[in-house]
1. Quick check on segment 62-71: of everything there that is of a type outside the set (A, V, I, L, M) and either assigned to a loop (DSSP other than H, G, I, E, B) or away from the ligand (no atom under 16 Å from the Cβ) (or both), which residue is nearest to residue 9 (Cα to Cα)?
2. Determine which member of the set 81, 59 is away from the ligand (no atom under 14 Å from the Cβ) and exposed (fewer than 12 other Cβ atoms within 10 Å of the Cβ).
3. Within segment 23-44, can you find the residues that are away from the ligand (no atom under 16 Å from the Cβ), under 28 Å from residue 77 (Cα atoms) and either in contact (Cβ under 8 Å) with a residue 40 or more places away in the chain or hydroxyl-bearing (Ser, Thr, Tyr) (or both)?
4. Are there any pairs with C-beta distances below 8 angstrom linking a residue in segment 55-79 that is closer than 14 Å to residue 25 by Cα and touching a residue at least 24 places away in the same chain (Cβ under 8 Å) to a residue that is within 16 Å of the ligand (Cβ to nearest atom) and hydroxyl-bearing (Ser, Thr, Tyr), with the two at least 6 apart or on different chains, and if so which?
5. Which of (1) under 18 Å from residue 13 (Cβ atoms); (2) out of contact with any helix residue (DSSP H, G or I) (no Cβ under 7 Å at 6 or more places or on another chain); (3) surrounded by 10 or more Cβ atoms within 10 Å (Cβ to Cβ) is the odd one out, the single condition residue 74 does not satisfy?
6. Look at residue 47 and say whether it is touching a strand residue (DSSP E or B) at 6+ places or on another chain (Cβ under 8 Å) and either more than 15 Å from the ligand (Cβ to nearest atom) or among the acidic types (Asp, Glu) (or both).
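Please treat every number below as a calculation from the coordinates, not as lab data. In this text the structure is predicted, and so the values were computed from the model without any measurement. No Cβ is skipped: glycine too gets one built from the backbone with ideal geometry, and neighbour counts run over all protein chains shown.
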Amino acid sequence: MASAPKGKKIIDLSQPLTTTGGSYCNGHPHFTCERICNIAAHGSNVSHISFGSHTGTHVDAPVHFFDTGASIGEVDISLLVGPPWWWMYEGGTNET
Ligand SMILES: [Zn+2]
């Protein structure tokens with residue numbers, strides 16, 4: 001586990017990936033994890049994992065919503081570190 005800089009606290013917001021439950025959007029692939037190699041037969045344990053990019057705790061790259069948006073590899077990672085903030089969406093209205 002990473003240690004926080006002096007005077008800072010790291011809060012891990014990640015949620016575990018499970019093959020049951022969780023929140024998925026309609027039509028998005030669900031998380032699967034299957035052991036495909038084991039130590040006895042292959043010398044190491046290897047799993048095949050599969051899931052949609054909109055699964056579990058994640059960051060949506062701009063390209064998720066905009067065809068010409070940046071991919072996650074193009075996003076400046078320093079933008080993802082800093083004071084916490086949150087956004088709560090309630091209902092289907094677009095109130096500001
Ligand atoms: Zn997403």
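1. 71
2. Sole residue among the options that is away from the ligand (no atom under 14 Å from the Cβ) and exposed (fewer than 12 other Cβ atoms within 10 Å of the Cβ): 81.
3. Correct list: 32 only.
4. 55/24; 56/14; 57/14
5. That leaves (1) as the condition not met.
6. yes
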